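Here is the structure we will look at.
The values are calculated or read from the model by the stated rules, or taken from the named source; none is laboratory data. Just so it is clear, the model here is predicted, and its values are computed rather than measured. Counting neighbours? That spans all protein chains shown, and the Cβs are built from the backbone with ideal geometry, glycine included.
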Amino acid sequence: MRHILASPELGDFFTSLAIGDINLVTGLVWLVIATLLSMVGGAIGGILLAKNDLGYQLSALLGGFLGPAGVLPAMILGLIILTLLRNY
């Protein structure tokens, strides 16, 4: 395990992630992080909006499924704009 964490490829990945270099791998990592956070936020929002009508579990489930619907297109567009601004 120590050998995997000390590998130069992983060090380069964390360095590019920390300095804000956007390439294919870091873009996918940011997309996964945004998806997970939007699912959590959607579940919390679903509970707050529809807990009395649908119950806690169903409203959290629907919010978790529908939360990324608005975040993913905005995240992809934002990554494209940031890449264009960084290159020009």
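The table below gives the values:
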read-out	value
Hits in the stretch 15-36 - residues which are in contact with a helix residue (DSSP H, G or I) (Cβ under 8 Å, 6 or more places away or on another chain) and assigned to a helix (DSSP H, G or I)	S16, L17, V25, T26, G27, V29, W30, L31, A34, T35
So T83, is it surrounded by 10 or more Cβ atoms within 10 Å (Cβ to Cβ), free of Cβ contacts under 8 Å to residues at least 24 places away in the same chain and not small (G, A, S)	no
The stretch 1-14 - residue that is small (G, A, S) and not in a helix (DSSP H, G or I) and, of those, modelled with the highest pLDDT	S7
Counted residues, the stretch 45-79 - those being loosely packed, with under 15 Cβ neighbours inside 10 Å and either of a type outside the set (A, V, I, L, M) or over 15 Å from the mean Cα position of the chain (by Cα) (or both)	13
Residue among S38, S59, S16 that is touching a Pro at 6+ places or on another chain (Cβ under 6 Å) and of a type outside the set (A, V, I, L, M, F, W, C)	S38
